[in-house]
Amino acid sequence: MLTYEENELLTRVTGDAPMARLMRQHWTPVCLIEEVAEPDGKPLRVEVLGESYVAFRDTEGRLGLLDELCPHRKASLVFGRNEDCGLRCLYHGWKMDVEGNVVAMSSEPEGSPLMEKVKARAYPVREWGGFVWAWLGALDAVPEFRPPAFAPQEDTPVAILKIRVPANWAQIHEGQIDSAHSSSLHSSDMKPARVESASADDKAWYRPSTDKSPRMQTETTSYGFHYAAIRKPIRNARTHNYLRITEFVAPYYSLIPPNNAYRVASVIVPINDDETAFHFVAWGGPSVPSTAEWRAFNHAVPGRDLDGKWRSKRTLENDFLQDREAMKNGSFTGVLGIPNQDIVMWVSMGSRVQRHTDTLGASDLAIVEFRRLMVDAAQKVAEGGPAIGTGGEVAQALIASHEGIYPKEVDWRTLVDARKATQAAE
């Protein structure tokens with residue numbers, strides 16, 4: 001367990017908190033490209049790390065990200081007019097372009113020198129892998145954008161669902177890197193089957209194991225850590241292991257072991273200390289679903305399962321619409337959709353878990369590693385050091401999760417190294 005003070009380091013992500021400073025040393029996925037796809041479309045409020053911004057695509061298709069409040073009298077630019085290559089504040093007609101330059105001041109005399117003296121704060125952005133990535137750190141030292149592992153190429157196929165979750169970022173990450181829970185919580189959707197390796201269709205995911213108590217082994221990396229969940233396979237259990245290797249790439253995403261059709265990632269971005277933008281991504285592989293198919297499979301369809309702000313219609317107040325009759329008839333949770341089942345757990349904990357009161361077991365080894373790693377990383381930043389994962393020792397595009405059935409004498413770490421070598425050669 002963590003002390004109260006360590007938990008504060010882990011979970012506080014706003015203002016000058018060390019974890020917020022750590023995250024601002026990385027390119028941050030701040031919204032989906034689809035949310036700002038239309039030139040001269042509706043401006044988008046972007047909330048991340050306790051701050052509010054406005055994103056908009058101008059007449060020529062260029063993307064801008066500015067502080068939400070107008071530099072004049074601090075009215076919100078989210079309600080402004082997006083027109084003629086700029087965002088115009090409704091209050092006095094001041095207009096900013098995507099670089100933050102003030103290009104019109106309706107309330108000021110013609111030729112006013114004020115226009116040359118004022119500039120809205122604008123942030124570098126990059127569109128990649130279905131996300132808009134922004135540099136929210138120091139603008140005098142903007143690093144090169146590095147493609148994430150789940151979109152190594154600009155044309156990598158991706159399908160993304162998004163849900164705004166009223167829970168702290170750390171407990172969501174802990175849920176995503178926790179292989180042990182899937183054998184219970186998701187047992188109605190991740191089914192044991194006599195398959196050669198993990199498989200998927202439009203109804204469920206299938207695994208070659210009935211083992212609900214995996215042995216866990218972890219290894220720290222320069223970018224985070226990876227771990228193996230080692231289970232008994234259905235076939236050849238005496239001589240083989242079923243290995244599921246998960247990668248945590250600090251601070252924003254995890255790579256979940258793939259299936260035969262596509263690979264899986266989760267991208268977790270703090271909105272503030274008590275809310276998080278959770279993204280579940282299908283990518284790569286021979287049969288990546290469309291975005292519509294992916295959201296339907298996971299019961300996370302905007303307008304049906306989610307409201308217009310990406311919030312689930314399943315809430316703590318309505319008991320997450322849990323169906324107890326369905327539970328009697330075979331559903332383990334009474335909740336449809338793998339992410340929705342996770343969200344019930346995350347939100348039921350309270351918006352920020354008090355980790356000095358929980359009790360961990362042998363299957364929580366990856367959780368222990370995540371907490372130790374990120375508390376130490378935040379402490380290092382607090383002392384003036386660099387953020388974890390900024391050294392660039394390993395290209396993120398070479399990091400990959402893995403799964404499969406192997407003879408017991410095979411060390412899972414060699415599989416990870418072999419995968420990186422193969423990708424590098426390609």
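At-a-glance table
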read-out: When residues of the stretch 344-367 are limited to those that are open to solvent by 60 Å² or more (accessible area, probe 1.4 Å) and in a helix (DSSP H, G or I), the one farthest from Q217 (Cα to Cα); value: S348
read-out: Residues being open to solvent by 30 Å² or more (accessible area, probe 1.4 Å) and among the polar types (S, T, N, Q) - total across the stretch 155-186; value: 1
read-out: Selected residue [within 20 Å of H173 (Cβ to Cβ) and either part of a loop (DSSP other than H, G, I, E, B) or of a type in the set (F, W, Y) (or both)] from F280, F332; value: F280
read-out: Filter result (under 20 Å from T357 (Cβ atoms), open to solvent by 50 Å² or more (accessible area, probe 1.4 Å) and in contact (Cβ under 8 Å) with a residue 12 or more places away in the chain) within the stretch 4-30; value: Y4, E6, R12
read-out: Candidate set: the stretch 248-268, residues that are over 18 Å from F370 (Cα atoms) and among the hydrophobic types (A, V, I, L, M, F, W, C); chosen: the one surrounded by the most Cβ atoms within 10 Å (Cβ to Cβ); value: V264
read-out: Output for the stretch 52-68, where each listed residue is more than 21 Å from V269 (Cβ to Cβ), surrounded by fewer than 19 Cβ atoms within 10 Å (Cβ to Cβ) and not small (G, A, S); value: T59, E60, R62
read-out: Every pair of residues 6+ apart whose Cβ atoms lie under 8 Å, when the first sits in the stretch 76-102 and is surrounded by fewer than 18 Cβ atoms within 10 Å (Cβ to Cβ) while the second is hydroxyl-bearing (S, T, Y) and part of a loop (DSSP other than H, G, I, E, B); value: E83/T59; D84/T59; C85/T59; H92/S106; H92/S107; G93/S106; G93/S107
read-out: Test: residue in the stretch 139-153 that is of a type outside the set (A, V, I, L, M), over 23 Å from W294 (Cα atoms) and touching a strand residue (DSSP E or B) at 6+ places or on another chain (Cβ under 9 Å); value: yes
read-out: Listing of strands (runs of 3 or more DSSP E) fully contained in the stretch 104-213 that carry 2 or more residues being under 30 Å from A378 (Cβ atoms); value: 125-128, 131-134, 158-165
read-out: Unmet requirement for L373, which otherwise passes all of (1) open to solvent by 10 Å² or more (accessible area, probe 1.4 Å); (2) closer than 30 Å to N318 by Cα; (3) assigned to a helix (DSSP H, G or I); value: (2)
read-out: Answer from L49, L10, L44, L87 - the residue that is touching a helix residue (DSSP H, G or I) at 6+ places or on another chain (Cβ under 9 Å), within 25 Å of A141 (Cβ to Cβ) and modelled with pLDDT of 95 or more; value: L49
read-out: In the stretch 103-132, residue most open to solvent (accessible area, probe 1.4 Å) [restricted to those that are within 37 Å of the chain's Cα centre (by Cα) and farther than 23 Å from V30 by Cβ]; value: V103
read-out: Sole exception among (1) in contact with an Asp or Glu (Cβ under 9 Å, 6 or more places away or on another chain); (2) aliphatic (A, V, I, L, M); (3) surrounded by fewer than 22 Cβ atoms within 10 Å (Cβ to Cβ) for A228, by number; value: (3)
read-out: Test for F145: is it closer than 26 Å to T59 by Cβ, open to solvent by less than 40 Å² (accessible area, probe 1.4 Å), touching a residue at least 24 places away in the same chain (Cβ under 8 Å) and not aliphatic (A, V, I, L, M); value: yes
read-out: Residue among R81, R73, R62 that is over 30 Å from E369 (Cβ atoms) and in contact with a strand residue (DSSP E or B) (Cβ under 8 Å, 6 or more places away or on another chain); value: R81
read-out: Number of positions in the stretch 269-309 that are of a type in the set (A, V, I, L, M, F, W, C) and either without any contact (Cβ under 8 Å) to a residue 12 or more places away in the chain or surrounded by fewer than 19 Cβ atoms within 10 Å (Cβ to Cβ) (or both); value: 3
read-out: Per-region count, the stretch 310-335, residues small (G, A, S) and exposed (fewer than 10 other Cβ atoms within 10 Å of the Cβ); value: 1
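The values are calculated or read from the model by the stated rules, or taken from the named source; none is laboratory data. Quick caveat: nothing in here was measured; it's all calculated off a predicted structure. Glycine gets a Cβ as well: all are built from the backbone with ideal geometry, and neighbour counts include every protein chain shown. These area figures cover heavy atoms from the full protein model, side chains too; ligands, DNA and RNA do not enter into them. Shrake-Rupley method; radii C 1.70, N 1.55, O 1.52, S 1.80 Å.
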